[in-house]
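Participant: Pasting in a structure now, in structure tokens, and then I'll have a few things to ask.
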Amino acid sequence: MKTYKRTLVTSALPYANGPVHIGHLAGVYVPADIYVRYLRMKGEPVLFVGGSDEHGVPVTIRARKEGITTQQVVDRYHKLISESFEQFGISFDVYSRTTSEIHHKFAADYFRRLYDNGKFIEQTTEQFYDPETGEFLTDRNIRGECPHCHSKGAYGDQCEKCGRTLSPDELIEPYNAINGNPLTKKETKHWYLPLDQYQQWLEQWILEEHKEWRPNVYGQCKSWLDGGLKPRAVTRDLDWGIPVPVEGAEGKVLYVWFDAPIGYISNTKELCEREPAKWGNWETWWKDQSTRLIHFIGKDNIVFHCIVFPSMLKADGTYILPDNVPANEFLNLEGDKISTSRNWAVWLNEYLQDFPGKQDVLRYALTANAPETKDNDFTWADFQARNNNELVAIYGNFVNRAMVLTQKYFAGKVPAQGAYTDYDKQIMQEIQGSVSEMLRLLDAFRFRDAQKEAMNIARAGNKYLADMEPWKLAKTDMERTAAVLNLSLQIVANLEIAFRPFLPFSSEKLRKMLNVQETGIDSLGKFDLLTDGHQLGEVALLFEKIEDDAIQAQLDRLARIKKENEEQEKAEELKNWHPAEIKAATSIDDFDKTDIRVATVLDCKNVKKSDRLLEFTLDDGMGGRTILSGIAQSYPDPSVLVGKQVLYIANFPPRKMMGKESQGMILSAVDADGRLVVTTVSAPVRNGAQVG
RNA sequence: CGCGGAGUAGAGCAGUGGUAGCUCGUCAGGCUCAUAACCUGAAGGUCGGUGGUUCGAUCCCAUCCUCCGCAACCA
């Protein structure tokens with residue numbers, strides 16, 4: 001395996017169109033931070049880059065909606081996001097933004113260099129254009145009539161009614177989804193990165209040389225490569241972004257996906273120029289072959305970080321390429337996918353208000369349940385259990401036991417280390433085993449399991465105390481009591497180090513309690529970290545229980561949001577409702593076969609054990625009949641139907657439902673929201689009258 | 001439709017061509033230094049469905065079902 005002198009770690013640039021939530025944290029920032037902190041503990045040179053992605057269309061739409069400038073939108077979220085990261089201890093060496101001057105210049109220069117070297121192809125195409133606003137539209141912002149099912153309001157890329165994939169050209173009478181304006185077509189020129197030219201090289205580099213990448217990453221890349229790469233446009237017709245630095249490209253900007261990853265580089269440059277003594281030249285971090293580049297991202301970014309961005313770097317030719325791209329899957333929240341627009345998320349800024357000082361608890365819960373191999377679910381019940389049963393009961397409790405016992409028997413001074421018994425040695429060996437396993441897992445980007453190993457050290461500590469029972473020994477053998485507590489405290493000191501990448505705030509607190517300075521990773525697995533007679537600091541609780549009412553408050557909040565969303569979606573549905581297509585032509589003869597009659601409802605009640613069926617007892621003028629109808633959900637009180645005359649089909653063969661026989665079918669109209677309304681006659685007629 | 005990932009005890013996750021594992025929860029014991037915490041033990045699974053390859057499949061192959069991504073907002 002290749003050896004490296006330094007590591008450059010990037011984490012996906014969050015889009016400045018909203019605050020960051022637990023999904024971002026679990027998928028990208030906590031794992032990246034754990035890895036970076038681990039490398040720093042090892043004393044390896046590492047640079048951790050982050051920043052806000054502030055270009056693209058959605059921020060401009062939000063600005064328009066809120067009646068403020070796009071700059072105000074990105075300013076607001078950049079501030080919110082960077083504060084959240086800082087509070088959660090995401091230890092970026094630099095956190096900048098793509099609207100920075102240095103980035104604009106750097107990205108424009110990057111483009112221009114590739115342009116001058118003939119790395120792009122130019123292509124003129126016809127795109128949909130709104131003459132009134134003077135804007136070209138993205139596929140998704142174009143709507144029209146579906147050519148297949150002829151439903152109105154199909155999107156430019158897909159019809160949601162029939163589910164077919166479309167291209168905007170296929171739509172009948174396309175219009176602007178935002179303002180409803182009709183669209184025309186207009187020629188526009190764009191620059192494309194010919195990914196097809198990099199196909200062979202990418203195949204060699206990924207499929208042959210990086211078989212160690214995670215299955216989801218490797219599989220996704222293979223899928224794209226097998227499908228054959230096509231040139232990809234790297235410019236857009238838009239006024240928000242980095243102007244294309246080419247003559248005759250007015251009104252065009254770099255595609256957000258072209259400039260965003262360059263932000264990793266320009267942010268590095270910004271840091272290096274600010275503190276050259278500490279960080280040296282930015283080119284060392286990006287162009288020296290002995291630098292190792294790691295991208296932490298979510299699964300939706302795999303293609304850009306493994307195919308597009310490497311091709312951009314290769315096109316330049318002077319840059320290093322990522323050594324690994326540990327992409328995570330997604331985190332769900334209480335069974336539903338996290339959604340910014342539907343407010344289905346736990347926002348970091350809100351979490352900190354509700355759980356002040358509990359950053360580590362969330363970090364722990366998210367790492368313990370990190371979506372490393374598949375989508376995982378975050379639940380508040382799990383969060384509470386992780387805190388109460390693991391952080392408090394195992395880790396915090398062990399620390400507290402060791403500290404309190406020392407306080408009690410040795411006035412808070414580290415007691416003398418004794419001769420190790422076989423059992424002591426066994427425990428020490430067990431802990432060293434956990435330590436080396438943890439380090440191995442950290443190197444393999446398996447943070448969930450690594451954290452579990454750290455917790456196993458605390459488990460071993462609890463078991464040691466339970467087996468040694470120093471509170472009993474203290475009555476007979478103070479020397480052995482001292483030895484047992486000495487080793488217990490050494491284990492506590494190990495826990496401080498082992499948990500440091502995962503729970504930085506707690507480790508800091510624990511160092512205060514132990515009254516020690518930060519040491520390197522070499523100390524891990526040693527049992528002479530605290531010298532005899534060392535005065536410990538004040539005993540405090542490392543973690544505290546989270547009570548049910550705090551969890552219930554979060555669940556209530558989510559329930560409220562869910563209800564609001566449902567109401568809103570329903571309103572939306574009603575607004576968009578339109579009559580179903582007319583069925584294929586039929587004839588009077590076909591209709592005549594159906595015998596529709598009038599009857600009076602004598603009784604109407606719910607069918608036991610069925611949430612849909614109503615049982616109608618009808619006076620049909622022919623001795624009466626019973627009909628079951630699946631409309632209970634539209635009639636919470638079925639008795640309102642009693643006495644009404646209804647229309648029903650009289651000549652269907654009887655059918656058994658829920659053990660009862662239904663002799664026909666009541667006719668109901670279906671309203672836009674799915675509500676069923678029973679049909680009736682406009683004036684009383686005799687029961688048994690025919691409809692036709 | 002296609003391509004990629006995933007489906008394993010009540011929950012969350014590992015894992016392997018040969019007797020299926022971890023954490024939490026549950027139940028039963030033990031202990032009392034500790035935040036009713038800790039320690040020990042037990043129960044609990046036709047490893048998504050169906051076919052096939054094999055002496056043997058949870059693992060390999062085929063096919064189907066479900067969820068997610070590629071593909072609006074979004075990791």
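The values are calculated or read from the model by the stated rules, or taken from the named source; none is laboratory data. The structure presented is a predicted model; accordingly, all values stated were derived computationally and were not measured. Cβ placement follows ideal geometry from the backbone for every residue including glycine, while neighbour counts extend to all protein chains displayed. Side chains included, ligands, DNA and RNA excluded: accessible areas come from the protein's heavy atoms. Shrake-Rupley method; radii C 1.70, N 1.55, O 1.52, S 1.80 Å.
Participant: With (1) touching a Ser or Thr at 6+ places or on another chain (Cβ under 6 Å); (2) in a helix (DSSP H, G or I); (3) more than 15 Å from RNA strand B (Cβ to nearest atom) as the list, and residue A:479 as the residue in question, which single condition is left unmet?
Facilitator: (1)
Participant: Only residues that are open to solvent by 10 Å² or more (accessible area, probe 1.4 Å) and either more than 11 Å from RNA strand B (Cβ to nearest atom) or under 16 Å from residue A:335 (Cα atoms) (or both): list them for the stretch A:368-401, please.
Facilitator: Hits for the stretch A:368-401 are A:369, A:374, A:375, A:376, A:377, A:379, A:381, A:382.
Participant: Let me ask something else. Residue A:100 is checked against (1) within 16 Å of RNA strand B (Cβ to nearest atom); (2) touching a helix residue (DSSP H, G or I) at 6+ places or on another chain (Cβ under 8 Å); (3) more than 22 Å from residue A:500 (Cβ to Cβ) and fails just one. What number does that condition carry?
Facilitator: (1)
Participant: Still on this model: Here is a list of conditions, (1) assigned to a loop (DSSP other than H, G, I, E, B); (2) assigned by TED's automatic domain parsing to the domain that holds residue A:415; (3) closer than 16 Å to residue A:399 by Cα, and residue A:544 meets all of them except one; can you say which number that is?
Facilitator: (2)
Residue-by-condition table, conditions (1) open to solvent by 50 Å² or more (accessible area, probe 1.4 Å); (2) more than 14 Å from RNA strand B (Cβ to nearest atom); (3) closer than 30 Å to residue A:294 by Cα:
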position: A:443; (1), (2), (3): yes, yes, yes
position: A:447; (1), (2), (3): no, no, yes
position: A:458; (1), (2), (3): no, no, no
position: A:464; (1), (2), (3): no, no, no
position: A:473; (1), (2), (3): no, no, no
position: A:491; (1), (2), (3): no, no, no
position: A:495; (1), (2), (3): no, no, yes
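Participant: Right, another one. On the given criteria, is residue A:416 more than 23 Å from residue A:543 (Cα to Cα), touching a residue at least 60 places away in the same chain (Cβ under 8 Å) and open to solvent by 10 Å² or more (accessible area, probe 1.4 Å)?
Facilitator: When the stated conditions are applied, residue A:416 passes them.
Participant: Still on this structure, please answer the following. Could you tell me whether the stretch A:365-380 includes any residue that is touching a residue at least 40 places away in the same chain (Cβ under 8 Å) and among the basic types (Lys, Arg)?
Facilitator: Yes, the stretch A:365-380 contains at least one residue that is touching a residue at least 40 places away in the same chain (Cβ under 8 Å) and among the basic types (Lys, Arg).
Participant: I've got another one for you. Tell me, which strands (runs of 3 or more DSSP E) wholly within the stretch A:270-367 include 1 or more residues that are open to solvent by 10 Å² or more (accessible area, probe 1.4 Å) and away from RNA strand B (no atom under 16 Å from the Cβ)?
Facilitator: Counting at least 1 such residues, we get A:291-298, A:322-324.
Participant: Within the stretch A:426-448, is there a residue that is within 16 Å of residue A:503 (Cβ to Cβ) and touching a Ser or Thr at 6+ places or on another chain (Cβ under 9 Å)?
Facilitator: Within the stretch A:426-448, one or more residues are within 16 Å of residue A:503 (Cβ to Cβ) and touching a Ser or Thr at 6+ places or on another chain (Cβ under 9 Å).
Participant: Can I ask one more? Restricting attention to the stretch A:223-237, and to residues there that are outside any helix (DSSP H, G or I) and touching an Asp or Glu at 6+ places or on another chain (Cβ under 8 Å), which single residue is least open to solvent (accessible area, probe 1.4 Å)?
Facilitator: By that ranking, first place goes to A:229.
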